[in-house]
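Shown next, in structure tokens, is the structure this report addresses.
The values are calculated or read from the model by the stated rules, or taken from the named source; none is laboratory data. Small disclaimer: the values here were computed from a predicted structure and weren't measured. We place every Cβ from the backbone using ideal geometry, glycine too, and count neighbours over all the protein chains shown. Areas reflect the complete protein model, heavy atoms only, side chains present, ligands, DNA and RNA absent. Shrake-Rupley method; radii C 1.70, N 1.55, O 1.52, S 1.80 Å.
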Amino acid sequence: MIRDKQRTGTPISSLSRRTLLKTAALGAVAVSAPWITTVARASGQLTVILNQGLLAKLWIDELNPKFEKETGATLNVQQSVTGNMLAMLKTQKDNPPDLMQFSEAGVFQARDEGLLRQLNTASIPNWKYLNNAFNMADDHSAGMLDAMNTIFFNTDSVKDAPRSWAELWDPANKGKIAIPPVAWNNGVRLIVTAAQVATGKPLAEAQYDIEAGIQHLAKLKKNDVTVYNGAPEALQLLQSGQASLVPFYVSFAAPLITKGAPIYPAAVLKEGKEGEIVGFNMPVNAKNVELAHAYINMSLEKDFQEKIDSVLRARCAHIDVSPSADTLKLIGPPENTNYADWAFLSKNRRKISEMWNEVFG
């Protein structure tokens, strides 16, 4: 773990009364706002790539104004998806953004390729409140929330919530299904889930049988399945009823449910729902390290983490923030959510993509 070297202080006997008072005042500021520590930080700019859509909107609306006000820094914010951010890490290795918000599906690959900096947790006071399950790849990623993927259904056309992923293959649902592309993480997970359906094995075993997953997923072509290419398209297909069953992330759709959209997630599935932790990752050559740690620290504050629960309806990282009753209605019991071996899936992602493209390309 990378740690900052401790600085040796000036002996107290050599300090003047004025210096002592000035030091005490600065110390008070540091206690009340530990992210305001240097002039360099206050005058800097932090470049952050947020995950897209309604998830990014929460940070943009709620955290970013507070960050700029309390640090004096400016933010350069962009939005993208995990796959594109991984490509950016490689092509912009020498001049990368300071922080990237992508999921565990990319964390292990980026770490193993030497593209991520290990976080200095000593510079993140709120790290002590981080649930261990959200500490990804040994301090290389600060998980923020579980985006959780499940089957969404159109409540105008589907009476009862799906109870199994196998319902995607039911001939009765022909022409009513839209699935994610393999470039999406839930597209990869759908292959794993297809292996569960095909073999009857639990995730712990089925996730390594990619061939069985691809072969069973190919059968969806007989059901006239549609492959969506973005979140807006997936949600439009679902809300309009053009697709009645759509695998999608709860955290990206929850705000629409709150506004009355005729969509809802299956809270319990026979094979389990698909958990996926999304967090902040720092490129190895990030320049504004101090500001980046400050941004992570503010993202882990209890007040903001509670908004992850109330707005995105997602299980969040803070150990003192449990899912509310309204959130549990959407995400269901924790024991019904499974987490894949992304270290394995990431290493085999190119092969998985090639196999998927042979079927759906």
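Summary table below
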{"item": "Test: L168 is in contact (Cβ under 8 Å) with a residue 12 or more places away in the chain, touching a Cys at 6+ places or on another chain (Cβ under 8 Å) and crowded, with 21+ Cβ neighbours inside 10 Å", "result": "no"}
{"item": "Total residues in segment 112-135, condition of a type in the set (A, V, I, L, M, F, W, C), assigned to a loop (DSSP other than H, G, I, E, B) and under 25 Å from F344 (Cβ atoms)", "result": "2"}
{"item": "Residue list for segment 336-348, filter: open to solvent by 50 Å² or more (accessible area, probe 1.4 Å) and touching a Gly at 6+ places or on another chain (Cβ under 7 Å)", "result": "Y339"}
{"item": "Residue count for segment 349-360, restricted to those that are touching a helix residue (DSSP H, G or I) at 6+ places or on another chain (Cβ under 9 Å) and loosely packed, with under 14 Cβ neighbours inside 10 Å", "result": "2"}
{"item": "Failed item in (1) under 17 Å from I191 (Cβ atoms); (2) without any contact (Cβ under 8 Å) to a residue 24 or more places away in the chain, with V246 passing the rest", "result": "(2)"}
{"item": "Some residue of segment 258-279 being open to solvent by 10 Å² or more (accessible area, probe 1.4 Å), over 25 Å from V197 (Cβ atoms) and touching a Pro at 6+ places or on another chain (Cβ under 8 Å)", "result": "no"}
{"item": "Residue satisfying all of: in segment 286-304; in a loop (DSSP other than H, G, I, E, B) and more than 20 Å from S103 (Cβ to Cβ); modelled with the highest pLDDT among these", "result": "E301"}
{"item": "Which listed residue, of T193, T150, is within 30 Å of A56 (Cβ to Cβ) and part of a strand (DSSP E or B)", "result": "T150"}
{"item": "Helices (runs of 4 or more DSSP H) enclosed by segment 16-111 - at least 2 residues per element that are surrounded by 14 or more Cβ atoms within 10 Å (Cβ to Cβ) and modelled with pLDDT under 85", "result": "39-42"}
{"item": "Scope segment 112-145; condition hydrophobic (A, V, I, L, M, F, W, C), within 22 Å of N186 (Cα to Cα) and surrounded by fewer than 19 Cβ atoms within 10 Å (Cβ to Cβ); matching residues", "result": "A133"}
{"item": "Of residues in segment 305-335 being open to solvent by less than 20 Å² (accessible area, probe 1.4 Å) and either acidic (D, E) or part of a helix (DSSP H, G or I) (or both), the one nearest to L203 (Cα to Cα)", "result": "I331"}
